[in-house]
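Trainee: One structure, pasted below without further comment.
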Amino acid sequence: MALTEQGRTMDDMYRELILDHAKNPRNHGVLEPCDVEYEAHNPLCGDRLHLTLRVDPSGRITAVGWEGNGCAISQASASMLGEEILGKTVGEIRAMSKDSLLEMLGIPLSPNRMKCALLSLEVLKIGLYGREAWRESEDE
Amino acid sequence: MALTEQGRTMDDMYRELILDHAKNPRNHGVLEPCDVEYEAHNPLCGDRLHLTLRVDPSGRITAVGWEGNGCAISQASASMLGEEILGKTVGEIRAMSKDSLLEMLGIPLSPNRMKCALLSLEVLKIGLYGREAWRESEDE
Amino acid sequence: MPSESSGGALDVAGLRSDFPVLQQEHHPGVPLVYLDNAATTQKPNAVIETMSDYYRRYNANVHRGIHKLSEEATAAYETARVILKRFINAGSKREIVFTRGTTEGINLVSQTWGRANLNAGDVVLLTEMEHHSNIVPWQLLSAERGLRLRYTPIRADGALDMEAFRKLLQEEPVKLVGFMFVSNVLGTINAAQEMIRLAHEAGATVLVDAAQAVPHQSIDVQALDCDFLVFSGHKMLGPTGSGVLYGKRALLEAMPPWMGGGDMISRVSFERSEWNELPYKFEAGTPSIAEAIGLGAAVEYLNRVGMAAIHRYEQEIIAYALERLTEVPGLHLVTPERAPHGAVATFTLQGIHAHDVAQVLDAHGVAIRAGHHCAMPLHERLGLNATARASFYFYNTLEEVDCLVAGIYAAKQTFSV
Amino acid sequence: MPSESSGGALDVAGLRSDFPVLQQEHHPGVPLVYLDNAATTQKPNAVIETMSDYYRRYNANVHRGIHKLSEEATAAYETARVILKRFINAGSKREIVFTRGTTEGINLVSQTWGRANLNAGDVVLLTEMEHHSNIVPWQLLSAERGLRLRYTPIRADGALDMEAFRKLLQEEPVKLVGFMFVSNVLGTINAAQEMIRLAHEAGATVLVDAAQAVPHQSIDVQALDCDFLVFSGHKMLGPTGSGVLYGKRALLEAMPPWMGGGDMISRVSFERSEWNELPYKFEAGTPSIAEAIGLGAAVEYLNRVGMAAIHRYEQEIIAYALERLTEVPGLHLVTPERAPHGAVATFTLQGIHAHDVAQVLDAHGVAIRAGHHCAMPLHERLGLNATARASFYFYNTLEEVDCLVAGIYAAKQTFSV
Ligand SMILES: Cc1ncc(COP(=O)(O)O)c(C=O)c1O
Ligand SMILES: Cc1ncc(COP(=O)(O)O)c(C=O)c1O
């Protein structure tokens, strides 16, 4: 069944960069003390993510630390997002959309796996701007 | 659409005897005082029947009186059943089955109309022997 | 041709061919005239096929599966939610909770919002024309809590007494106003928007039983501004076991859950649980998946026909039906003749019980309903025991009204009245 | 050939041809291997056709109609009840209440029997392996009433600790014992009959969650002597939105109703209502008619195949699956290897999260489930985050087990473990 479309999709989904981040997560471990902290679950599959941030007086992210468990997609997403936001300001991060995260991951995702990928962004956004802000970003 | 099967069925259902009993109900009116009294409703269509009986010391029905409202079938059934039990003993009536009532009516009935026809027997049996006895007469 | 008399808007003959039940004979040689639409409507092929397709091609449980079947089933189930959201113009798809029908929707509200918000002595204001499903749930809660149930009376012409409604709202604080949008017996279309505005001014929360409204006219819950609105899928071309509770998001968020189980939780431990987000908090267990998808297909069918065209055409049918029925000697119309009203004609016939009318009509191929139509208090209020009801949908024709009237004359002949 | 290896009892290839979903390719060139039967089973043509036939030919509301369609719909709906009654050998068809599924059945019991019988401090004894649907309803009631929820622990081999169960029953008075007949994660088949006997000796009422039992083995509620038993139609070839609550008649009679509305009443006035007889007291509103009729057709299909033959064949499949899975390096079986157990194989793979296993398997056409399977407390108790579950039904084959194992090796390769 070598090179069916699905085989390719799957190979794409688990491309090297994703597997590398999943196996060697960057910024792993919870920061104590920290300025921002939030934890959430994906109720449907049990993924969990605990994110901690240090923010300097100018609003810049100076440290990222996270911990959690979940599939390769959710772990890689947390790892890559953490790298992405380090050094950015809280204002800059606001502009970050679901699409930009998915672009960063660069892999094809079905709706149910989308939830795995987006857990890290959800935790980040709710942690920084509150639940309402995240809700508003939802489509209908 | 003169003589379709249904036309015949319907003519059978509303044969003269039924219409006569429905329009000129026998033993109509509630007895006061009375020895046995029970009232029930058909919850699905709202038919109602209130039955009163006088029973002499030997257990013989000496007077029947009933009142209620409902369709021609339920009214005719009450009227015919009342005539049938007058003079019988409580013991004799116990043997009376649903089938014997339906035979007495002598008309074809669909399951939902069956409930109209059987309301009189239900009121009679529960009035005389209690709810449990009626329940036992139910099929599965 | 009804399709022409409706101003060319509706091709009724063409639409009828979509409904398998309508193609058949009721008895040999006798075509079916289905006039029991307020009880449940027939289903077009599109709805039946959509459900069969789910079972034949992508049947799977939703929300939790990673495999393709579950992905497809989840997408179809959630797409149905979006279709329903658009149909009643809800603000968010999270405000659409799938239920088994109107009855479950009202019970969900009474047992969650009601238990959380109604206490001893609180007033729940209903109307005298309510269906049992909007009376009994409040009586059940009242038995627990000691509520005071009030009923806005109806006028002699079958309309709600709006003066009395205003007074009842002012006399004492009312916590909840619950009313039917369109009566399943009288056909009355209540002034929903005004009632909601008055109720809100009085500080009450409002639940609308729209079981007989959503199938027949275009509904906009944001324009209405109702707090809750419920309806049944099976009365609008959809499958049995389908329905919707719409609730304003803030209200639904604040409500405790009703049933516990899978899908409605975000975390469970032996000691306690946390609830999932809307609408899942109210959809415990495996939902009625095929049914929700089928209801979505029904709404798409209705959208294609057009709710405005449906409403216009039904007004024409009911006007003709009432006109023909008033001609029948000994026929008493329970449905008031004033417009606007729903596609329901309810009547009694002197000297013949409603069941017997229905029985004779059935022999003539005409399916109507007889009884109290789950509105015993209304019948008691009207001093009636049982009534006969012919109820129409957009696939009915003026010729079918004629069949109804012919059947009524036949019943009069059988009973010599 | 599986049909031969089962001793000629089951013609699996023939049976498979009854199931449209099983005929299709999952991806182009890749056949579907459906191993998510504990979540929901596929439906045979007979079930799909029975429901379509209802919608095409005699769709009508039940119980109240005099016209022929309603008579036929009512008869079919009530016949389904009798079919279900015989299937589990209930004493009366009045003991069969149609529900949406297992979850609704348990909530019905907790919210009616529970509210009427459980008070502050009362003990409800569940087990550590329960599905959320048999935990959360009791937590919800406990939040209202202050119950004490106890959980019978499981042993290291995945069986219930019967010693502990006995002790828990004796330590303090237990009002309700609720347990699953067959675990949807471990596959454990609990000693239901003995547990019920012990619970009754201790004076407790017993509710059995038979969602994973009724589809797979012959059940006799009178022999079991359970007080309540619940299951879902969609896990036994039936439609979504169907299920059954069995309750002993005397218990059901004594219970207050749950939802209010049409069909569940015998009389309604503005002030109060009286309830209809069983089972209608618990079936408020228009029921899921097509679904009940479809479930009846599913049971008739199962009866034709034979529950004993199904059980025997599944034992063979699961034994083979466990044997093959234990060969895989790095695979940890959560399902204990001791027999008897249900047709469920749950496992984890070292170095690969269960979701990723499921994803790779899906690419190979194999549909399994990954996650906590609505049993988070059990997973916490086992120290596991998520597991992968392959669950079988009588239409699965030994060859499909081989596909599963091949897919697992492919996942190991993708993740280089
Ligand atoms: C053991 C068990 N109980 C309860 C349920 C819940 O069933 P449903 O979702 O059909 O209500 C399931 C299935 O998910 C189950 O496996
Ligand atoms: C106005 C109204 N409300 C509620 C209902 C109950 O709907 P269901 O039986 O689908 O729950 C009906 C229909 O019977 C109705 O006409």
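The values are calculated or read from the model by the stated rules, or taken from the named source; none is laboratory data. This structure is a prediction, so every number in the text was calculated from the model and none was measured. All Cβ positions, glycine included, derive from the backbone under ideal geometry; neighbour counts span all protein chains shown.
Trainee: Tell me whether the range D:23-32 contains one or more residues that are surrounded by 24 or more Cβ atoms within 10 Å (Cβ to Cβ) and either away from ligand 2 (no atom under 16 Å from the Cβ) or under 30 Å from C:A143 (Cα atoms) (or both).
Mentor: Pass one, the range D:23-32, residues surrounded by 24 or more Cβ atoms within 10 Å (Cβ to Cβ): none.
Checked against the condition, which is being surrounded by 24 or more Cβ atoms within 10 Å (Cβ to Cβ) and either away from ligand 2 (no atom under 16 Å from the Cβ) or under 30 Å from C:A143 (Cα atoms) (or both), the range D:23-32 yields no hits at all.
Trainee: Only one residue in B:L51, B:L102, B:L31, B:L81 is out of contact with any Phe, Trp or Tyr (no Cβ under 8 Å at 6 or more places or on another chain), at pLDDT 95 or above, more than 30 Å from D:G285 (Cβ to Cβ) and not in a loop (DSSP other than H, G, I, E, B). Which one?
Mentor: It is B:L81.
Trainee: While we're here: Quick one: in the range C:92-125, which of the residues that are within 16 Å of ligand 2 (Cβ to nearest atom) and polar (S, T, N, Q) is farthest from C:K235 (Cα to Cα)?
Mentor: C:Q111
Per-residue answers, yes or no, for (1) within 13 Å of ligand 1 (Cβ to nearest atom); (2) among the small types (G, A, S); (3) over 26 Å from D:P336 (Cβ atoms):
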| residue | (1), (2), (3) |
| --- | --- |
| D:E95 | no, no, yes |
| D:F98 | no, no, yes |
| D:G101 | yes, yes, yes |
| D:G105 | yes, yes, yes |
| D:R115 | no, no, yes |
| D:E128 | no, no, no |
| D:P137 | yes, no, yes |
| D:L160 | no, no, no |
| D:L169 | no, no, no |
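Trainee: Consider D:L295 carefully, then state whether it is of a type outside the set (G, A, S) and either more than 12 Å from every other protein chain (Cβ to nearest Cβ) or surrounded by fewer than 24 Cβ atoms within 10 Å (Cβ to Cβ) (or both). It would help to see each step written out before you state the result.
Mentor: On the way: of a type outside the set (G, A, S): yes; either more than 12 Å from every other protein chain (Cβ to nearest Cβ) or surrounded by fewer than 24 Cβ atoms within 10 Å (Cβ to Cβ) (or both): no.
Judged against the criteria, D:L295 is not a match.
Trainee: Of all residues in the range D:298-313, which are over 26 Å from D:S52 (Cβ atoms) and crowded, with 24+ Cβ neighbours inside 10 Å?
Mentor: Within the range D:298-313, just D:Y313 meets the criteria.
Trainee: Exactly one of (1) in contact with a strand residue (DSSP E or B) (Cβ under 6 Å, 6 or more places away or on another chain); (2) within 14 Å of ligand 1 (Cβ to nearest atom); (3) outside any loop (DSSP other than H, G, I, E, B); (4) hydrophobic (A, V, I, L, M, F, W, C) is unmet by D:A213. Its number?
Mentor: Among (1) in contact with a strand residue (DSSP E or B) (Cβ under 6 Å, 6 or more places away or on another chain); (2) within 14 Å of ligand 1 (Cβ to nearest atom); (3) outside any loop (DSSP other than H, G, I, E, B); (4) hydrophobic (A, V, I, L, M, F, W, C), the lone unmet condition for D:A213 is (3).
Trainee: State all residues of the range C:225-241 that are of a type in the set (A, V, I, L, M) and in contact with a Pro (Cβ under 8 Å, 6 or more places away or on another chain); if no residue qualifies, say none. Show your work before the answer.
Mentor: Step one: filter the range C:225-241 for residues of a type in the set (A, V, I, L, M), giving C:229-230, C:236-237.
Correct list: C:M236, C:L237.
Trainee: Please enumerate the residues belonging to the range D:137-151 that are over 16 Å from D:T205 (Cβ atoms) and more than 11 Å from chain C (Cβ to nearest Cβ).
Mentor: D:G146
Trainee: Could you please find all residues in the range D:264-295 being among the polar types (S, T, N, Q), more than 16 Å from ligand 1 (Cβ to nearest atom) and in contact with a Phe, Trp or Tyr (Cβ under 7 Å, 6 or more places away or on another chain)? Explain how you work it out, then say what you get.
Mentor: Initial filter on the range D:264-295 (among the polar types (S, T, N, Q)): D:266, D:269, D:273, D:276, D:286, D:288.
Next cut, more than 16 Å from ligand 1 (Cβ to nearest atom) only: D:266, D:269, D:273, D:276, D:286.
D:S266, the sole residue that qualifies.
Trainee: What do you reckon, is C:P329 assigned to a loop (DSSP other than H, G, I, E, B) and at pLDDT 95 or above? Can you show your working first?
Mentor: Working: assigned to a loop (DSSP other than H, G, I, E, B): yes; at pLDDT 95 or above: yes.
Judged against the criteria, C:P329 is a match.
Trainee: Just give me the residues in the range D:57-80 being small (G, A, S) and free of Cβ contacts under 8 Å to residues at least 40 places away in the same chain, in sequence order. Show your work before the answer.
Mentor: Initial filter on the range D:57-80 (small (G, A, S)): D:60, D:65, D:70, D:73, D:75-76, D:80.
Residues satisfying the conditions are D:A60, D:G65, D:S70, D:A75.
Trainee: Now a separate question. Hey, C:A250 hits all of (1) aliphatic (A, V, I, L, M); (2) within 13 Å of chain D (Cβ to nearest Cβ); (3) under 19 Å from C:A116 (Cβ atoms); (4) free of Cβ contacts under 8 Å to residues at least 24 places away in the same chain but one; which does it fall short on?
Mentor: So the condition that C:A250 fails would be (2).
Trainee: What residue, of C:G238, C:G261, is under 18 Å from C:F98 (Cα atoms), within 16 Å of ligand 1 (Cβ to nearest atom) and part of a loop (DSSP other than H, G, I, E, B)? Spell out the reasoning first.
Mentor: Details: C:G238 fails: within 16 Å of ligand 1 (Cβ to nearest atom).
Answer to the check: C:G261.
Trainee: Exactly one of these conditions fails for D:R166: (1) in a strand (DSSP E or B); (2) away from chain C (no Cβ under 14 Å). Give me its number.
Mentor: (1)
Trainee: Identify, by number, the condition in (1) under 22 Å from the mean Cα position of the chain (by Cα); (2) under 14 Å from C:T346 (Cβ atoms); (3) not aliphatic (A, V, I, L, M) that C:F394 doesn't meet.
Mentor: Evaluating C:F394 over (1) under 22 Å from the mean Cα position of the chain (by Cα); (2) under 14 Å from C:T346 (Cβ atoms); (3) not aliphatic (A, V, I, L, M) leaves (2) as the failure.
Trainee: Does D:E291 satisfy the condition of being of a type in the set (D, E), modelled with pLDDT of 95 or more and more than 27 Å from C:P377 (Cβ to Cβ)? Steps first, answer last, please.
Mentor: Details: of a type in the set (D, E): yes; modelled with pLDDT of 95 or more: yes; more than 27 Å from C:P377 (Cβ to Cβ): yes.
Criteria met by D:E291.
Trainee: Filter the range C:266-279 down to the residues that are free of Cβ contacts under 8 Å to residues at least 60 places away in the same chain and outside any strand (DSSP E or B), then identify the one that is farthest from the other protein chains (Cβ to nearest Cβ).
Mentor: C:E271
Trainee: Right, another one. How many residues, within the range C:126-136, are within 13 Å of ligand 2 (Cβ to nearest atom), within 9 Å of another protein chain (Cβ to nearest Cβ), more than 14 Å from the chain's Cα centre (by Cα) and within 17 Å of C:V174 (Cβ to Cβ)? Reasoning before the result, please.
Mentor: If we filter the range C:126-136 for residues that are within 13 Å of ligand 2 (Cβ to nearest atom), which is where we start, we get C:126-127, C:129-136.
Still in the list and also within 9 Å of another protein chain (Cβ to nearest Cβ): C:126, C:131-136.
Now restrict to residues that are more than 14 Å from the chain's Cα centre (by Cα): C:126, C:135-136.
Narrowing further to those that are within 17 Å of C:V174 (Cβ to Cβ): C:126, C:135.
Selection size over the range C:126-136: 2.
Trainee: In the range C:69-112, which residues are within 15 Å of the chain's Cα centre (by Cα), among the aliphatic types (A, V, I, L, M) and within 11 Å of chain D (Cβ to nearest Cβ)?
Mentor: C:I106, the sole residue that qualifies.
Trainee: Pick from D:P256, D:P239: which is modelled with pLDDT of 95 or more, within 14 Å of chain C (Cβ to nearest Cβ) and surrounded by fewer than 20 Cβ atoms within 10 Å (Cβ to Cβ)?
Mentor: Numbers: D:P239 fails: surrounded by fewer than 20 Cβ atoms within 10 Å (Cβ to Cβ).
It is D:P256.
Trainee: Let me ask something else. State the number of residues belonging to the range B:60-71 that are in contact with a helix residue (DSSP H, G or I) (Cβ under 6 Å, 6 or more places away or on another chain) and at pLDDT 95 or above. Outline the logic, then answer.
Mentor: Taking the range B:60-71 as the starting set, the residues that turn out to be in contact with a helix residue (DSSP H, G or I) (Cβ under 6 Å, 6 or more places away or on another chain) are B:61, B:64, B:66, B:71.
In the following step, the residues that additionally are at pLDDT 95 or above were identified as B:61, B:64, B:66.
Of the residues in that region, 3 qualify.
Trainee: Quick check on the range C:13-22. Is at least one of its residues free of Cβ contacts under 8 Å to residues at least 40 places away in the same chain, within 10 Å of chain D (Cβ to nearest Cβ) and either β-branched (V, I, T) or on the phi > 0 side of the Ramachandran plot (or both)?
Mentor: Yes, that holds for at least one residue.
Trainee: Here are the criteria: (1) within 10 Å of chain C (Cβ to nearest Cβ); (2) within 16 Å of ligand 2 (Cβ to nearest atom). Tell me which single one D:P44 does not satisfy.
Mentor: Among (1) within 10 Å of chain C (Cβ to nearest Cβ); (2) within 16 Å of ligand 2 (Cβ to nearest atom), the lone unmet condition for D:P44 is (2).
Trainee: I'm trying to understand the selection: among the residues of the range B:110-131, which are farther than 18 Å from B:E39 by Cβ and surrounded by fewer than 18 Cβ atoms within 10 Å (Cβ to Cβ)?
Mentor: B:P111, B:M114
Trainee: Testing D:V357 on (1) touching a Leu at 6+ places or on another chain (Cβ under 8 Å); (2) closer than 25 Å to C:G261 by Cβ, one condition comes back false. Which one is that?
Mentor: (2)
Trainee: Suppose we filter A:D12, A:D47 for residues that are of a type outside the set (K, R), over 24 Å from A:Y129 (Cα atoms) and touching a residue at least 40 places away in the same chain (Cβ under 8 Å); which single one remains? Full working, then the answer.
Mentor: Details: A:D47 fails: over 24 Å from A:Y129 (Cα atoms).
Result of the check over A:D12, A:D47: A:D12.
Trainee: Could you list all residues from the range C:345-396 that are in contact with a Phe, Trp or Tyr (Cβ under 8 Å, 6 or more places away or on another chain) and aromatic (F, W, Y)?
Mentor: C:F394, C:Y395
Trainee: Take C:R197 and tell me if it is over 24 Å from C:S391 (Cα atoms), of a type in the set (D, E, K, R) and assigned to a helix (DSSP H, G or I). Lay out the reasoning, then the answer.
Mentor: Values: over 24 Å from C:S391 (Cα atoms): yes; of a type in the set (D, E, K, R): yes; assigned to a helix (DSSP H, G or I): yes.
So C:R197 passes the test.
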